[in-house]
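Single-structure report; data block below.
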Amino acid sequence: MGHRSRAERDAMTVEIGYALVSAAFVAVATFAGVISPVYFFDLDGTARRRRLPRSAPAAALVFV
């Protein structure tokens with residue numbers, strides 16, 4: 001395996017950046033999807049307290 005050219009290194013950087021941005025977008029969409037019923041259906045305090053702790057780990061899992 002020889003040295004990589006500048007173009008190959010740049011391409012890898014772009015691919016990694018695209019993967020991270022895509023994963024962050026899907027994680028935010030997951031977070032919003034889990035938490036949104038609280039706001040759309042005006043759920044009570046118990047439902048609010050249950051949704052937030054579940055939405056953050058779900059988003060983190062999707063990001064990974």
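The values are calculated or read from the model by the stated rules, or taken from the named source; none is laboratory data. Computed from a predicted model, the values in this text were never measured in an experiment. All Cβ positions, even for glycine, are placed from backbone atoms using ideal geometry, and neighbour counts span all protein chains on display. Accessible surface is based on the protein model in full, side chains and every heavy atom, while ligands, DNA and RNA are left aside. Shrake-Rupley method; radii C 1.70, N 1.55, O 1.52, S 1.80 Å.
Odds and ends about this structure:
- Using a simple spin-label model with pseudo-atoms 7 Å out from Cα toward Cβ, Val62 and Arg9 lie 3.6 nm apart.
- GNM result for the chain, Cα springs below 10 Å: residue of Val34, Val14, Val26 fluctuating most strongly: Val14
- Loop-located trypsin sites (Lys or Arg not before Pro) in the chain (DSSP state other than H, G, I, E, B) with a sparse environment of at most 15 neighbouring Cβ atoms within 10 Å: Arg4.
- Dipole of the chain [Lys/Arg +1, Asp/Glu -1 at C-beta], most positive-end residue of Ser36, Ala19, Ser55: Ser55
- To put it simply, the accessible area of the chain at a 1.4 Å probe is 67 percent carbon and sulfur.
- Compared with the dominant Cα axis of the chain, that is its longest principal axis, helix 45-63 is turned about 10°.
- For the chain, alpha-carbon Rg and Dmax in angstrom: 18.5, 62
- Per residue, the chain reaches -30000 deg cm²/dmol at 222 nm when only DSSP H runs of four or more residues are counted, each adding -39500 (n - 2.57).
- Applying the Karplus relation 6.51 cos²θ - 1.76 cosθ + 1.60 with θ = phi - 60° to segment 36-44 yields 3J(HN,Hα) values of 4, x, 4, 8, 6, 10, 6, 6, 6 Hz, where x marks Gly and Pro.
- Accessible surface of Leu52 - all protein chains present, 1.4 Å probe, nearest 10 Å²: 100 Å²
- The chain, dipole about Cα centre (Lys/Arg Cβ +1, Asp/Glu Cβ -1), debye to the nearest 20: 220 debye
- Rel. contact order, % - alpha carbon contacts under 8 angstrom, at least six apart, the chain: 41 percent
- For the chain, accessible area per residue (1.4 Å probe, heavy atoms of protein chains only), Å²: 82 Å²
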